[in-house]
1. Using 7 Å Cα-to-Cβ label points, what is the Thr200/Glu260 separation (nm, one decimal)?
2. Starting from 0.36 nm per residue, how many nanometres of slack lie between Ser79 and Ser101 once their C-alpha separation is accounted for?
3. Could you list His127, His438 so that the one with the fewest beta carbons within 10 Å of its beta carbon is first and the one with the most is last?
4. Show me 198-211, 58-71 ranked by packing, highest mean number of other Cβ atoms within 10 Å first.
5. Order the peptides 246-252, 441-447 from the highest to the lowest mean number of other Cβ atoms within 10 Å of their residues.
6. How many nm is it between the label spots at Thr165 and Thr404, if each spot is 7 Å from the Cα in line with the beta carbon?
7. Return the long-range amide H neighbours of Leu152 (sequence gap of 5 or more, or a different chain), with a cut-off of under 5 Å between placed amide H atoms.
8. Using θ = phi - 60° and the Karplus form 6.51 cos²θ - 1.76 cosθ + 1.60, what ³J(HN,Hα) does each residue of the stretch 256-261 get, whole Hz, x for Gly and Pro?
Amino acid sequence: MIVMGWIGRKRGAAIVLAAVLAAAALAAVLGAVAVAAPLGFLHVRFDLSQTASLLSAYPDLAVSANGDRVAAVWTEGYSANTFKGHVYLRTASETGGGWGSRIRVFTGTANMCAYRAAVAITETMAHVAYVVFNDTCNDPKWVYLRYGTCSLASGQCGNWQDVYTERTDQTGYLITHVDIALGEGGAPHVVWGQYKKDETVGNIMYSTRSGAGWSSGQYVNLAGGRINREPAIAWADGYVHVAWEAEGGDGYAIMYRRREDESGKWDNNVVPVVPPRLGPPLGNPDVAAGAGHIFVVWDWCVDESNGRCLTYNVVYARSNLSGTWAFSDWREVGTGNSTGWEDYYSTDVVDALPDKAQYLLDLNPSVVLNRTGWPTVVWHADRSEGAYTDYAIYYSYAFTGTATDAVWITRTVLSEAQPTTLGRVVVGVGELRPGEQHLHVAYMGKLSTGAWDVYYDSNERDQYKYTYLPLVMRGR
């Protein structure tokens, strides 16, 4: 506050009166702004990576169990035209203001670069798993799967730990996809894909950390003769849940297996969510579990031409955790229909993209459950039906359901103001609100510079009806 002295009695009185009136008016304006402003961070579109000359890719997102904390992680190229390089993290709090500064979890170089990253969080800590290529980024001799934690309060990251190491110049195997979930007491559970460079063999592997360190890598898939890839993991109700896609001479399949956390024993059988079948491919599975429910989602090619898929459906199956359990019939996300599914166009069919940019291909659906065990799913698609001029992120969610199905809201477009080209979308959920599910979404958006950034958005844009303008005071 500025206190002005008296300059003559009458003039001073006028000045004081004017100051009082101005202060009252300002207080009224500030009061209106205070009433209009949201209490937490703004749930509107925000550029998380903010590097217009570099390629930021493959975001992952997590929400803490109490719904207060949100974290996003992604890789960013150490130089232009590659997504391999650094690992970055940003966090936000519903009660603590907006997004914090970028946190560099790992620093990449031409000789040692991160390929993928995944995140899970508690109320105080971010747990990050990431894959590192060593020697050269394009043809590594060593591949490391690493794990580290970062404090949500200070933003400081601790020392990384090696979960698994692959001597790829001897074994011929790479580690690529990775996913992480937190179990009882915040214990990390990690799955990853282990593939032959020639793509003839693929396995799904798992490890968890106890007080003695990380367990040796365990094979999740049992049957040989298939290429197993794209694993996803969830933890709920005392079980680890893993889903993945498989390809072999008998066709394509979506597989599932679970592990009892207390005993550390895997189920004896791998359960086919979709048994092997010839025809167009299906893949990009994701899994979520909670409140006794398990949901697996994936995209399913409809129209394949010359080895490329043009259109897809987005599909799910559900199981209950207890009793004689099995996955339900396949149904469409957003409707629950078993037939008459909507066809969606992929955001690209070009495979000669930087680093074989798979983040543009397929629908890449992402699923998460709210506290009552009902799903939210997001996916990206091209609305211009193959012209690649109109892109959208879709979402649908359920508040309730029956013993075998979910009751979905109508499929909705996240925002009508997206960047020109979209890629790789992931979702988390916050607190339930009357008549609406509170969503947190991260995705890739292409910039006018040709690079890519990672963005945050939500389904609450319509709740912010005020425009906040700077208050400017000027003298005469």
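1. Roughly 4.0 nm, to one decimal.
2. Details: separation 22, 0.36 × 22 = 7.92 nm, distance 2.11 nm.
Going from the current span to full extension adds 5.8 nm.
3. Values: His127 25, His438 19.
Result, fewest neighbours first: His438, His127.
4. Working: 198-211: 16.4, 58-71: 21.9.
Per-residue Cβ counts within 10 Å, averaged per peptide and sorted highest first, yield 58-71, 198-211.
5. Values: 246-252: 17.0, 441-447: 23.1.
Ranked by mean Cβ neighbours within 10 Å, highest first: 441-447, 246-252.
6. Once both label points are built, they end up 5.2 nm from each other.
7. Close amide H contacts, sequence-distant or interchain: Met125, Ala126.
8. 9, 8, 10, 10, 6, 5
The numbers here are math on the coordinates, done by the rules we state, and not lab data. Quick caveat: nothing in here was measured; it's all calculated off a predicted structure. Note that each Cβ is placed from the backbone with ideal geometry, even for glycine, and that neighbours are counted across all protein chains shown.
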